[in-house]
Amino acid sequence: MRTYNGKKYKINIITSDEENSILSSTDKEMDRRVEKAVAVAIEKAKFCNKPVARYNIKTKQAYLDYGNGDK
């Protein structure tokens, strides 16, 4: 349970095993579209030499990934 602006929200994290029993086909389609939109936005930013914010799970640090390969 998380609180935001005085209101409490419950966030459920769904594993891939639970996906078929919880998500509807419309939810799954929306997830696929969002994933594709993010991938296209990242590719566009790289093409335009704009930095992309990334997160390294192992080091638990955020960093900027530039189109020329610099970090």
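Assorted remarks:
- Accessible area of the chain belonging to carbon and sulfur atoms, whole % at 1.4 Å probe: 52 percent
- At q = 0.19, 0.25, 0.27, 0.29 Å⁻¹, base-10 log of I(q)/I(0) for the chain (Debye sum, equal scatterers on each alpha carbon): -0.99, -1.02, -1.06, -1.12
- For the chain, the dipole from Cβ point charges (+1 on Lys and Arg, -1 on Asp and Glu) about the Cα centre works out to 420 debye, to the nearest 20.
- Solvent-accessible surface of the chain, averaged per residue with a 1.4 angstrom probe and all protein chains in place: 96 square angstrom.
- In the chain, helical runs assigned H by DSSP with n ≥ 4 each contribute -39500 (n - 2.57); averaged across all residues and rounded to the nearest 500, the mean residue ellipticity at 222 nm is -12000 deg cm²/dmol.
The values are calculated or read from the model by the stated rules, or taken from the named source; none is laboratory data. Since we're looking at a predicted model, the values are computed, not measured. Note that each Cβ is placed from the backbone with ideal geometry, even for glycine, and that neighbours are counted across all protein chains shown. Note: accessible area is taken over every heavy atom of the protein model, side chains too, but ligands, DNA and RNA are not part of it. Shrake-Rupley method; radii C 1.70, N 1.55, O 1.52, S 1.80 Å.
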